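The values are calculated or read from the model by the stated rules, or taken from the named source; none is laboratory data. What you are looking at is a predicted structure, and each value in this text was computed from that prediction instead of being measured. Cβ coordinates were reconstructed from backbone atoms using ideal geometry, including for glycine residues, and neighbour counts include every protein chain displayed.
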Amino acid sequence: MEELFEKMAEALIAGKQDEVKKLSQDALDKGIAAKQILDKGLLAGMDVVGKRFKAGDMFIPEVLLCARCMHGAMDILKPLLSESDAAGAGTYVIGTVEGDLHDIGKNLVSMMLQGAGFKVVDLGTNITAAQFVDAVKTHKPKIIGMSALLTTTMPKMEQTIAALKEAGIRDQVKIMAGGAPVTQDFVDKIGADAYGANAASAVDKAKELVAYTSV
């Protein structure tokens, strides 16, 4: 069984989508629980991918390929996973702030968060403060992530936090912010909880926030 999980993780790291799907199906056919396949095969592989990306040993196209492998296998496993199993780390709402249509970085973070076991609700781009507030009320996430690539849209992050406070739900959720012009100083200034310097560190921060909130 362990050998099958290792093969699955290795295939995922190598970006072999068909092989990952086949091994996932083989594992199910052998009576292995979908949750075990997710944890010991797929998430174990994505964990390695995240570490290699952070270390500079893997690059964005390779990470996206690995994430597609993960998605392909999840199509098979999802019907067999309970809602809590499928999103073991909790729900993460993410979006690019109002006035900004950039989404490559956001999409990469989304994929890697899913690879780390989060249920990701991707709101897309050009998301208003009111839309973030509605998403928190609807999805009750543990974390929301705001992305901006334009310095002119960065103030929308502060406006979103103000809107969450006004709605009385700021304390119900952890807030992360990231994007090329965003800095730790800016994140501290607007009162967010964490800064994601890049996709890999954003995922690490998200894991830390979830561990902190569940204590």
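Within segment 18-68, the set of residues being under 28 Å from residue 104 (Cβ atoms) and not in a helix (DSSP H, G or I) comprises 56, 57, 58, 59. Residue-level check: of (1) touching a His at 6+ places or on another chain (Cβ under 9 Å); (2) in a helix (DSSP H, G or I); (3) of a type outside the set (Val, Ile, Thr), residue 119 misses just (2). When segment 108-152 is filtered for residues that are among the hydroxyl-bearing types (Ser, Thr, Tyr) and either at pLDDT 95 or above or surrounded by fewer than 18 Cβ atoms within 10 Å (Cβ to Cβ) (or both), the ones remaining, listed by number, are 125, 128, 138, 147, 151, 152. Condition check for residue 96 on (1) assigned to a helix (DSSP H, G or I); (2) modelled with pLDDT of 95 or more; (3) of a type in the set (Val, Ile, Thr): one failure, at (1).
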